[in-house]
Amino acid sequence: MSNNAIDTLQFNCTTCPSECLLTVEVERDADGAVAEVRSVTGNSCPRGDKFAHQELTCPMRVLTTTVAVSGGDEALLPVRTAEAIPLELHAQAMNLIRDLVVNAPIRMGNVVLPNLLNTGIDLIASMDIDPA
């Protein structure tokens, strides 16, 4: 038997419009980190179980921000990661993106920065920017 603490958490699943209220039993190690997800209830589909495990072991989010534009009809280009990246990488990614300048023209979906932080995920444009 482990000496780790058992906690019960509740949070909403955000993978679909149902927003099921999940009840998750976790085992925490001596440092308070989640050592194991023991059970997930309240989900009406299998995505809720997967979401709870991921949220408690390696939370992932799509990063959205803006980058500067040179020679465009807009000064800033909205960008996002093509897929979710680990939440713990967001500050490091923003430090890299902060100094980025793209040249117009650019089209929605164009890769602005490939393989962001060696995640295999690209940073892509979220709108069109035409030349000034």
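Evaluate the relative contact order of the chain (contact order divided by residue number), counting alpha-carbon pairs under 8 angstrom at least 6 apart; express in whole percent. Could the numbers behind the result be given before it?
Values: 255 pairs, mean separation 23.4, N = 132.
Relative contact order of the chain: 18 percent.
What does the net charge come to around ARG47 if you take all other residues with beta carbon closer than 15 Å to its beta carbon, with K and R at +1 and D and E at -1? Walk me through the numbers on the way to the answer.
On the way: positive: LYS50; negative: GLU19, ASP49, GLU55.
Summing Lys/Arg as +1 and Asp/Glu as -1 gives -2.
In the chain, which longest range has no trypsin sites (Lys or Arg not before Pro) that are both DSSP loop (not H, G, I, E or B) and surrounded by at most 14 other Cβ atoms within 10 Å?
1-97
Taking DSSP loops as anything outside H, G, I, E and B, show the longest stretch in the chain free of GluC sites (Glu not before Pro) there with at most 14 other beta carbons within 10 Å.
Values: sites that count: GLU19, GLU83.
Segment 20-82 is the longest.
Got a number for the accessible area of SER70? Probe 1.4 Å, square angstrom, nearest 10.
Using a 1.4 Å probe on the heavy atoms, I get roughly 50 Å².
Using the alpha-carbon centroid of each, what span in Å lies between the range 9-54 and the range 92-132?
33 Å
Could you give P(r) for the chain, binned at 5 Å from zero, as whole percent values over all Cα-Cα pairs?
2, 10, 16, 14, 13, 12, 11, 9, 6, 4, 2, 1, 0, 0
Once the other residues with Cβ under 13 Å from the Cβ of ILE106 are scored (Lys, Arg +1; Asp, Glu -1), what is the net sum?
That works out to -3.
The values are calculated or read from the model by the stated rules, or taken from the named source; none is laboratory data. As the structure is a prediction and not an experimental result, all values here were calculated from the model. Virtual Cβ from ideal backbone geometry, glycine too; neighbours counted across all protein chains shown. These area figures cover heavy atoms from the full protein model, side chains too; ligands, DNA and RNA do not enter into them. Shrake-Rupley method; radii C 1.70, N 1.55, O 1.52, S 1.80 Å.
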